[in-house]
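Enquirer: The structure follows.
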Amino acid sequence: MHEETVYDALTAAHGDEARWAFGTGFDAPLAGVDTTIPDGVDPADLGAYCLMLGDDALVLSQRLTGWITRAPELEEEVALANIALDLLGQARLLLSRAGSARVLGRSRERAAPELPDEDALAYFRDPDEFRCSALVVAPDEDFAHVVVRLLVASTWRLALADRLRASRDPVLAAVAAKAVPELTYHRDHAARWVLRLGDGTAESHRRAQAAVDAVWPLTADLFTATTVETRLADAAVAVDPAELRDEVRDVLVQVLTRATLVLPPWPGDTPPRGRLGEHGPELTPLLERLQSVARAHPGATW
Amino acid sequence: MTGWPLYEVFVRGKRGLNHVHVGSLHAPDAEMAVHAARDLYTRRNEGVSIWVVRSVDITASSPDEKDPMFAPSGDKVYRHPTFYEIPDDVPHI
């Protein structure tokens, strides 16, 4: 008799390795990537840019993680956790890159010397040293907020990653190449929910519209470059976020229209704030929770 | 908890020939069920293809009918190809 399970194939492919349950057949995303900083690029700029993109991923990952045990269904909880893990993976690579460019802020003064740079940056910076955008910092009141914000954030980030694959920095290019399929899935997942909530019941429509109305103003500074981004874009290392505006708005218009939601007016471009370390008060409690264990038990492992 | 219907999930592994039942999940519709199945059942590179089907659409044999359904084949040895030599290089038998 022929018997098979999809899980047998994993052990078959990896011999007697008992650790297959923890994952196998994965490639280290930076394996074989040259990590020298390209000529003519200021390491301080590169590191600052990696912090912007890494902090966006880290903070959004933390926001999504907050829905574990609170999602409407177990299945959706796992989906949000998977997306959060993808983003955490992106954050790790980007914060490591910032560390290799020696952009560590005050974190190294506080973190134990043996702690990797990525952990020092995640756990031992204060809110004013974070470079994430207001879009990812905002709290999410309900599930409609979760998926609308995820739609906007993943649409922006996918448009960016798509272009960043051609970066002159080999690490940024590799991180972007890994991120594109992940972000495509995140955007797809969020869009499916926005369609279903917008074009669902009267109550789901009301909540989805309220979420759209609340999230839209947070996009105001997403398309304004900092001086760091401008310099790096000129050096073909970064992408000027103004380039993303049309694509991001096209996607959002398509989804919202199909979801029968009213498109609020686009906010005018404002100067960057989060990218310069200016954040609303809601970042502080988020980071307190994210950093509490690492700060209370320095050097702890589990 | 909610009124989401139950779906049965079938995954075809990388080297598998058939879709194999791996479990079930709740989802608001079939498309979302495929998505949820990706997150719940293919977290470790297992799958290359996913099928879902509403559990209520599966017609199953009843445990009460076990004997009338299956016992009559128990003594029909001539239905088993036990009298043949099977070459080593014939797979999936």
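Enquirer: Looking only at the stretch B:22-42, which residues have a backbone nitrogen under 20 Å from a spot 7 Å from the Cα of A:Thr260 in the C-beta direction?
Expert: Output list for this probe position: B:28-32.
Enquirer: Based on the Cβ-Cβ distance of A:Glu288 and B:Ile58, what FRET efficiency does E = 1/(1 + (r/R0)^6) give at R0 = 56 Å, to the nearest 0.05? Don't skip to the end; give the middle numbers.
Expert: On the way: r = 49 Å, r/R0 = 0.88.
The pair A:Glu288/B:Ile58 has a calculated efficiency of 0.70.
Enquirer: Note down the net charge around A:Ala214, summing +1 for each Lys or Arg and -1 for each Asp or Glu among other residues with Cβ under 10 Å from its Cβ.
Expert: Values: positive: A:Arg149; negative: A:Asp140, A:Glu141, A:Asp213.
Taking every other residue near A:Ala214 into account, the sum is -2.
Enquirer: Follow-up. May I ask for the equivalent-ellipsoid semi-axes of the stretch A:110-221, computed as the square root of five times each C-alpha gyration tensor eigenvalue and listed largest first in whole Å?
Expert: Working: eigenvalues 189, 76, 28 Å².
Its equivalent ellipsoid spans semi-axes of 31, 19, 12 Å.
Enquirer: Moving on to the next point. Within 10 Å of each candidate Cβ there may be at most 13 other Cβ atoms; applying that plus a DSSP loop requirement, which chymotrypsin sites (Phe, Trp or Tyr not before Pro) in the stretch B:1-83 survive? Spell out each step's value before the answer.
Expert: On the way: sites: B:Tyr7, B:Phe10, B:Tyr41, B:Trp51, B:Phe70, B:Tyr78, B:Phe83; in loops: B:Phe83.
Here the sparse-neighbourhood loop sites are B:Phe83.
Enquirer: For the stretch B:23-67, what are the per-bin percents of Cα-Cα distances with bins 10 Å wide, up to the bin holding the maximum?
Expert: Once binned at 10 Å, the Cα pair distances of the stretch B:23-67 give 24, 41, 21, 13, 0.
Enquirer: Additional query: Quick one: P(r) of chain B from all Cα-Cα pairs, 5 Å bins, percents rounded to integers, in order of increasing distance.
Expert: 3, 11, 15, 13, 12, 13, 13, 11, 6, 2, 1, 0
Enquirer: Only four residue types carry charge here, +1 at the Cβ of Lys and Arg and -1 at the Cβ of Asp and Glu. Report the dipole size of the stretch A:39-296 about the Cα centre in Debye, rounded to the nearest 20. Don't skip to the end; give the middle numbers.
Expert: Details: 29 positive and 40 negative charges, 25 e Å.
Dipole magnitude for the stretch A:39-296 comes out near 120 debye.
Enquirer: Comparing A:Asp117, A:Asp34, A:Asp221, which has the greatest mean-square fluctuation in the GNM of chain A with Cα pairs linked when under 10 Å apart?
Expert: A:Asp34
Enquirer: Between A:Ala220, A:Leu256, A:Thr65, whose Cα lies farthest towards the positive end of the dipole of chain A when Lys and Arg beta carbons carry +1 and Asp and Glu beta carbons carry -1, centred on the Cα centre?
Expert: Of the options given, the answer is A:Ala220.
Enquirer: Right, here's the next one. Quick one: B:His21, A:His279, B:His92, fewest Cβ neighbours within 10 Å first, how do they rank?
Expert: On the way: B:His21 15, A:His279 21, B:His92 8.
The most exposed by this proxy come first: B:His92, B:His21, A:His279.
Enquirer: Now for a different question. What's the longest bit of chain A with no exposed trypsin sites (Lys or Arg not before Pro), using DSSP loop states and at most 14 other Cβ atoms within 10 Å as the test?
Expert: Details: sites that count: A:Arg70, A:Arg102, A:Arg106.
No qualifying site falls inside A:107-302, the longest such stretch.
Enquirer: What is the magnitude of the charge dipole of the stretch A:168-254 about its Cα centre, with +1 placed on the Cβ of each Lys and Arg, -1 on the Cβ of each Asp and Glu, and no other charges, expressed in debye to the nearest 20? Intermediate values should be presented prior to the final figure.
Expert: On the way: 10 positive and 14 negative charges, 62 e Å.
Roughly 300 debye, rounded to the nearest 20.
Enquirer: Would you calculate the separation in nanometres between label points at A:Asp142 and B:Leu6, each defined as 7 Å from the Cα along the Cα-to-beta-carbon direction?
Expert: Result for the modelled spin labels: 3.0 nm.
Enquirer: Please name whichever of A:Leu151, B:Pro87, A:Ala48 sits farthest to the positive end of the charge dipole of the protein assembly as shown, dipole taken about the Cα centre and charges placed at Cβ: Lys and Arg +1, Asp and Glu -1.
Expert: A:Ala48
Enquirer: Just name one of A:Val78, A:Leu115, B:Leu40: the one whose Cα is farthest towards the positive end of the charge dipole of the protein assembly as shown (beta-carbon charges, Lys/Arg +1, Asp/Glu -1).
Expert: Going by the charge dipole, the pick is A:Leu115.
Enquirer: Is it possible to state the helix-based mean residue ellipticity at 222 nm for the protein assembly as shown, with each DSSP H run of 4+ residues giving -39500 (n - 2.57), the sum divided by total residues, to the nearest 500 deg cm²/dmol? What is it?
Expert: On the way: 14 runs with 189 residues, N = 395.
The per-residue figure over the protein assembly as shown is -15500 deg cm²/dmol.
Enquirer: Measure off 7 Å from each Cα along the Cα-to-Cβ vector at A:Ser204 and B:Ser73, then give the distance between these two points in nanometres to one decimal.
Expert: About 4.2 nm separates the two model spin labels.
Enquirer: Using the Cα centre as the reference, give the magnitude of the dipole from point charges on the C-beta atoms of chain B (Lys, Arg: +1; Asp, Glu: -1; all else neutral), rounded to the nearest 20 debye. Mind showing how you got there, number by number?
Expert: On the way: 10 positive and 13 negative charges, 69 e Å.
About 340 debye.
Enquirer: Which whole number gives the average count of other chain Cβ atoms within 10 Å of the Cβ atoms across peptide A:31-39?
Expert: On the way: counts 0, 0, 0, 0, 0, 0, 0, 0, 0.
Across A:31-39, the average partner-chain Cβ count within 10 Å equals 0.
Enquirer: What residue among B:Arg44, B:Arg12, B:Arg54 shows peak mean-square fluctuation when chain B is described by a Gaussian network model with Cα springs under 10 Å?
Expert: B:Arg44
Enquirer: Now for a separate question. Using label points projected 7 Å from each Cα along Cα→Cβ, tell me how many nm separate B:His21 and A:Val253, to one decimal.
Expert: 4.9
Enquirer: Could you list A:Glu129, A:Glu76 so that the one with the fewest beta carbons within 10 Å of its beta carbon is first and the one with the most is last?
Expert: On the way: A:Glu129 16, A:Glu76 24.
Ascending number of Cβ neighbours within 10 Å: A:Glu129, A:Glu76.
Enquirer: Per residue of B:26-37, what is the mean number of Cβ atoms on other protein chains within 10 angstrom of that residue's Cβ? Before the final figure, lay out the partial values.
Expert: On the way: counts 4, 3, 8, 2, 0, 3, 8, 1, 0, 8, 7, 1.
Average neighbour count from other chains, rounded to a whole number: 4.
Enquirer: Need one number: the % of Cα-Cα pairs in the protein assembly as shown sitting beyond the 33 Å mark. Display every interim value, and only then the final one.
Expert: Working: 32657 of 77815 pairs.
So the portion of pairs separated by more than 33 Å is 42 percent.
Every number here is computed from the coordinates shown, using simple stated rules; none is lab data. None of the values given here were measured: they were computed from a predicted structure. Heads up, the Cβs are rebuilt from the backbone with ideal geometry, glycines too, and the neighbour counts pull from every protein chain shown.
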